[in-house]
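Below: one structure, written as structure tokens.
The values are calculated or read from the model by the stated rules, or taken from the named source; none is laboratory data. None of these values were measured; they are calculated from a predicted model. Because the Cβ atoms are built from the backbone with ideal geometry, glycine has one as well, and the counts that use them run over all protein chains shown.
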Amino acid sequence: MLTKFALADEAAGLTEFWSQRVLAAANGNLLKVAKGTRSTHWHSHDDQDETFVLLYGRMTIQLRDGDVPLTPGDLLVIPRGVEHCPRVDGDEAHFLLIGPDVTSTAAGGKPDWSALPADDGAAQAGA
């Protein structure tokens, strides 16, 4: 059976920043929509490359040797083991993530909103 997804609607429907919704699996890869605000922690993926396709907003993928700005329609593949920190430039960004059906994070990853001041944390966590 074929399934069509409206990526903009799928991403806009997410209620939690930096959460991911699996839309489909293809050839051992998961296709996931997500939305983010602010930034995650520096992290790397030991066993997988990570592919970002920016759908909405502006985003910078910070790397230890330089930043890569993304605008809607841009695709970036981050090779396994490369330390990175996605940062949203603006209120929020929506993106598609493509990668193997595994999750492997060396350190960091999803931000700890409880560590932010109450007014920022509640707003950022979608509360």
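Need at least 2 residues that are more than 20 Å from D47 (Cβ to Cβ) per element, so show me which strands (runs of 3 or more DSSP E) inside the range 59-101 make the cut, counting only ones lying wholly within it. Steps first, please.
Details: elements: 59-63, 66-70, 75-78, 84-88, 93-100.
Correct list: 59-63, 66-70, 84-88, 93-100.
Across the range 6-20, which residue is nearest to I98 (Cα to Cα) among those that are over 13 Å from the mean Cα position of the chain (by Cα) and surrounded by fewer than 17 Cβ atoms within 10 Å (Cβ to Cβ)?
L7
Residues are listed down the side, and each one gets a yes or a no for (1) touching a Leu at 6+ places or on another chain (Cβ under 8 Å); (2) not hydroxyl-bearing (S, T, Y):
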| position | (1), (2) |
| --- | --- |
| N27 | no, yes |
| A34 | yes, yes |
| T40 | no, no |
| E50 | yes, yes |
| V53 | yes, yes |
| Y56 | no, no |
| G66 | no, yes |
| L70 | yes, yes |
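Among T3, T51, which is the only one that is outside any loop (DSSP other than H, G, I, E, B), modelled with pLDDT of 85 or more and surrounded by fewer than 18 Cβ atoms within 10 Å (Cβ to Cβ)?
T51
I want to confirm something. Restricting to the range 38-93 and keeping residues that are out of contact with any strand residue (DSSP E or B) (no Cβ under 9 Å at 6 or more places or on another chain) and charged (D, E, K, R), which single residue is nearest to L7 (Cα to Cα)?
Among those that are out of contact with any strand residue (DSSP E or B) (no Cβ under 9 Å at 6 or more places or on another chain) and charged (D, E, K, R), it is D91.
As an exercise: evaluate L23 against (1) exposed (fewer than 14 other Cβ atoms within 10 Å of the Cβ); (2) touching an Asp or Glu at 6+ places or on another chain (Cβ under 8 Å); (3) closer than 19 Å to G99 by Cβ and give the number of the one condition it does not meet.
(1)
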